[in-house]
Amino acid sequence: MKKLIPILVLVFILGLPGIAFASDQQKVIISFDGAIQLEELQDIDYEVIHEYPSIHAVAVEIAQEEIDDVEALNSVQYVEKERSLKVSVEQSNWGYSEVDADVSKSLGLTGEGVKVAVIDTGVDKDHPDLNIAGGKNFVEGSSDYDDQNGHGTHVAGIINAQPNDIGTIGVAPDAKLYAVKALDQGGKGNQIDVIAAIQWAIAKDMDIINLSFTSPYASEVTVNSKTLADIIKEAHSQGIFVVAASGNDKSGEGQKTDDVMYPGRYDFVYSVGSVDQDLERSYFSYGGKSIDFVAPGERIRSTYVGDEGESTYGYLSGTSMSSPFVAGSIALYKELYPNYSFKQIEELLFDNAKDLGSKGNDSSYGHGFLLAPASYFSDVDRKRWYIDYVNRLAKDGSLEGYQDKTFRPTNDITRQEVVTVVGRTLGLDGTKRKTKFEDVPSDLYSSGYVASATDKGIIQGYPSDRFKPKQSITRGEVAVIIENAFGPFDSNKKATFSDVDADAYYADEVSALAEEEIITGYADGLYKPDQPIKRSELAAVLSKVLYENLR
């Protein structure tokens, strides 16, 4: 007789006296060729635990002796035995600043609008330093997603701990964090529950899934689950980033496999290893060809659950701690570039990983130590001299990039772009309107600022009432505009640079701005006044005027 009793009813029945299953019952996953076909099991005595419709599979409890009969069915692709999983942690938060989360915070990035599922031992839903958006329990015998272990709460805090002047702070505190309980209070769980948890995360349109646990087995044969691989592949197909711990060696005898542990070894999972404060690979951290990144994993302070269930804080070490640093950083990139594709975000992650160990991708550090966003623009490298100048102006709205979220720092900047940026900075009226210049039509985006700047005496045109708005502007011309807009800057010098003629129309302005250290020359001592100014160079000039000198 077939049994289709829902799992909640099953728990209730198991709680009645005198009712128990036979000792030879086995939890298995049945994968069907096509849609789930439970009618094919009509002659089998089984109990449904979870259904996974997106990958055409079902988890059931079944008598051991009936497994062969199920495998013989034409509609069944395979039957997979249940395997246990465990948290990847060593008991024993410098990591926050090390991954540049503080830099991202200065840009106003907090993970807002991004949904992160932490599949773990649950989360302390009453912890004062956490803001949980919701969750789900998949552990038999537990009534909700509350954490009785502490591991899931610790992982959650690395991502979500609130900036509330208590405890610690997470990498992406405004991300919507969902507590998905698939491991019990001992830190162990069933693979079938984890698969159901991932399926739930897919259905709830999560952006990121964090898996800070590994299989406890070293043998690849015993842990390579096709069903788990399939559900992870399904998550990837929905544009979800799946991040997992690479695994820990707690024995001190060294890594027992030639690659990271599962589920981090699966395709479409970002496997994360651990480094210490010197960014050296942690002694316990698993590596291999499947490792993607490393992140802080030693003595990480985060939210925790005390012995009596009270909300507290604790230090833990392990690749379990490294994984949420990467998950939180991905949330910041997703917030910053909401319209980017999965592939574009992935490229940003690789581009923003600090290379460690051997040059390039290697088996100890993967692509390197993942850093959180350090700029509003995807093409402004954190190592460039102009990054702080660009960020300052972008943050206050004076400077904008292009629609593709690039800044193009080495490009020349046009005359109308300079007037627009200066106009925004001064709060001039930018309403599109008629100007005195015949080559600046009223529908041109810069027309309002051109008109206002003309009225204020900030700019002048060329003979015959032309402004040449789309022409690149020179370094000498910019000096004059900066003087007119933000001056006067007094200087006793007539010629600061050997290539600036004392009689040139811009000579006084160049000298005055150089004396104030607002403008600088090149390494050869020249200013090159007739050379077009780059977008990054203008950002530096304006930033110095606004934040380092006068205003």
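The values are calculated or read from the model by the stated rules, or taken from the named source; none is laboratory data. Just so it is clear, the structure is predicted and the values come from calculations on it, not from any experiment. Because the Cβ atoms are built from the backbone with ideal geometry, glycine has one as well, and the counts that use them run over all protein chains shown. Ligands, DNA and RNA are excluded from the accessible area calculation, which covers all protein heavy atoms including side chains. Shrake-Rupley method; radii C 1.70, N 1.55, O 1.52, S 1.80 Å.
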Residues (outside any loop (DSSP other than H, G, I, E, B) and crowded, with 23+ Cβ neighbours inside 10 Å) located in the stretch 276-303
S285, I291, D292, F293, V294, A295, P296, I300, S302, T303
Reported set for the stretch 517-551 where residues are over 17 Å from R392 (Cβ atoms), open to solvent by 10 Å² or more (accessible area, probe 1.4 Å) and either of a type in the set (F, W, Y) or touching a His at 6+ places or on another chain (Cβ under 8 Å) (or both) is Y522
Could you please find all residues in the stretch 493-538 being part of a loop (DSSP other than H, G, I, E, B), of a type in the set (D, E, K, R) and more than 22 Å from V390 (Cβ to Cβ)?
K493, K494, D499, D501, D503, D524, D530
Kindly establish whether V99 is over 21 Å from A353 (Cα atoms) and among the aliphatic types (A, V, I, L, M).
no
Cross-chain or 6+ apart pairs with Cβ under 7 Å, the stretch 41-67 first and farther than 13 Å from I198 by Cβ, then surrounded by 16 or more Cβ atoms within 10 Å (Cβ to Cβ) and among the hydroxyl-bearing types (S, T, Y):
H56/S31; V58/Y52; V60/Y46; E61/Y46; I62/Y46
Among strands (runs of 3 or more DSSP E) entirely inside the stretch 31-122, those with 2 or more residues being more than 30 Å from L332 (Cβ to Cβ) and of a type in the set (G, A, S) are 57-63
Against the definition (under 23 Å from G247 (Cα atoms), in contact with a Phe, Trp or Tyr (Cβ under 9 Å, 6 or more places away or on another chain) and open to solvent by 40 Å² or more (accessible area, probe 1.4 Å)), how does K405 come out, yes or no?
no
Determine, yes or no, whether G314 is in a strand (DSSP E or B) and either open to solvent by 60 Å² or more (accessible area, probe 1.4 Å) or closer than 30 Å to I166 by Cα (or both).
yes
Could you check how many residues of the stretch 161-200 are closer than 23 Å to D126 by Cβ, open to solvent by less than 20 Å² (accessible area, probe 1.4 Å) and aliphatic (A, V, I, L, M)?
10
Out of all the residues in the stretch 244-265, is one or more at pLDDT 95 or above, part of a strand (DSSP E or B) and under 20 Å from I55 (Cβ atoms)?
yes
For the stretch 439-455, indicate whether the set of residues that are open to solvent by less than 10 Å² (accessible area, probe 1.4 Å) and over 27 Å from S543 (Cα atoms) is non-empty.
yes
With the requirement that a residue be open to solvent by less than 10 Å² (accessible area, probe 1.4 Å) and β-branched (V, I, T), what does the stretch 139-160 give you?
T153, V155, I158, I159
Tell me which residues, restricted to the stretch 525-551, are over 18 Å from I413 (Cβ atoms) and modelled with pLDDT of 90 or more.
L526
Subset of the stretch 396-432 [farther than 24 Å from N484 by Cα and either in a helix (DSSP H, G or I) or touching a helix residue (DSSP H, G or I) at 6+ places or on another chain (Cβ under 8 Å) (or both)]:
G401, K405, F407, R408, P409, T410, N411
Scanning for something on the phi > 0 side of the Ramachandran plot and open to solvent by less than 50 Å² (accessible area, probe 1.4 Å), does the stretch 498-505 turn up at least one residue?
no
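Listed here are the residues, each with its yes/no results for (1) under 24 Å from the mean Cα position of the chain (by Cα); (2) crowded, with 18+ Cβ neighbours inside 10 Å.
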| position | (1), (2) |
| --- | --- |
| H367 | yes, yes |
| D379 | yes, no |
| R392 | yes, yes |
| D396 | yes, no |
| K434 | no, no |
Take Y386 and tell me if it is among the aromatic types (F, W, Y), open to solvent by less than 30 Å² (accessible area, probe 1.4 Å) and under 30 Å from Y449 (Cα atoms).
yes
Qualifying residue in the stretch 481-493 (condition: among the hydroxyl-bearing types (S, T, Y) and on the phi > 0 side of the Ramachandran plot)
no
May I ask you to list the residues in the stretch 481-497 that are within 23 Å of Y462 (Cβ to Cβ) and open to solvent by 30 Å² or more (accessible area, probe 1.4 Å)?
E483, N484, G487
Could you grab me the full set of residues in the stretch 128-137 that are in a loop (DSSP other than H, G, I, E, B) and either open to solvent by 30 Å² or more (accessible area, probe 1.4 Å) or out of contact with any helix residue (DSSP H, G or I) (no Cβ under 6 Å at 6 or more places or on another chain) (or both)?
P128, D129, N131
